[in-house]
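Following: one structure in structure tokens, then a few remarks.
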Amino acid sequence: MKAFVDPDLCIGCTQCAGICPEVFSMEGTLAVAQPGELPGELVPAAIDAAQNCPVSAITVSE
Ligand code: SF4
């Protein structure tokens, strides 16, 4: 699984970085996801962050 933040949608609320800081971090005013394959143990938290993003900017997919 890989995580992606759409920079055109992110409003910089920082929620994803709070829920799953291992994967999401703030870069300036926007969130970015760690590139590449997610370690399996981080996938549930990454999905949780995606589901809690207020603007659905996060995709977690194969
Ligand atoms: S939760 Fe969504 S809107 Fe908020 S910083 Fe993360 S990607 Fe951006």
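The values are calculated or read from the model by the stated rules, or taken from the named source; none is laboratory data. Remember, predicted model here, so these are calculated numbers, not experimental data. Please note: Cβ atoms are built from the backbone with ideal geometry, for glycine as well, and neighbour counts cover all protein chains shown. Ligands, DNA and RNA are excluded from the accessible area calculation, which covers all protein heavy atoms including side chains. Shrake-Rupley method; radii C 1.70, N 1.55, O 1.52, S 1.80 Å.
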Checklist entry - Ala45 is checked against (1) more than 10 Å from the ligand (Cβ to nearest atom); (2) of a type in the set (A, V, I, L, M, F, W, C); (3) open to solvent by 50 Å² or more (accessible area, probe 1.4 Å) and fails just one. What number does that condition carry? => result (3)
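Which of the following residues is in contact with a strand residue (DSSP E or B) (Cβ under 6 Å, 6 or more places away or on another chain) and β-branched (Val, Ile, Thr): Ile19, Ile58?
On the way: Ile19 fails: in contact with a strand residue (DSSP E or B) (Cβ under 6 Å, 6 or more places away or on another chain).
Just one listed residue meets the conditions, Ile58.
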Checklist entry - Hey, any hits in the stretch 1-8 for a residue that's in contact with an Asp or Glu (Cβ under 8 Å, 6 or more places away or on another chain) and touching a residue at least 40 places away in the same chain (Cβ under 8 Å)? => result yes
Checklist entry - In this structure, does Gly18 turn out to be at positive phi, of a type in the set (Gly, Ala, Ser) and either more than 7 Å from the ligand (Cβ to nearest atom) or over 9 Å from the mean Cα position of the chain (by Cα) (or both)? => result no
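Quick one: which strands (runs of 3 or more DSSP E) lie wholly within the chain and hold at least 2 residues that are of a type in the set (Ser, Thr, Tyr)? Give the steps one after another, and end with the answer.
Values: elements: 2-5, 24-27, 30-33, 58-61.
Filter on the chain gives 58-61.
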Next on the checklist: For a quick check of your reading of the model, give me the residue pairs whose first member lies in the stretch 36-62 and is without any contact (Cβ under 8 Å) to a residue 24 or more places away in the chain, whose second is within 11 Å of the ligand (Cβ to nearest atom) and among the hydrophobic types (A, V, I, L, M, F, W, C), with beta-carbon atoms closer than 6 Å and at least 6 apart or on different chains.
Outcome noted: Leu42/Val23
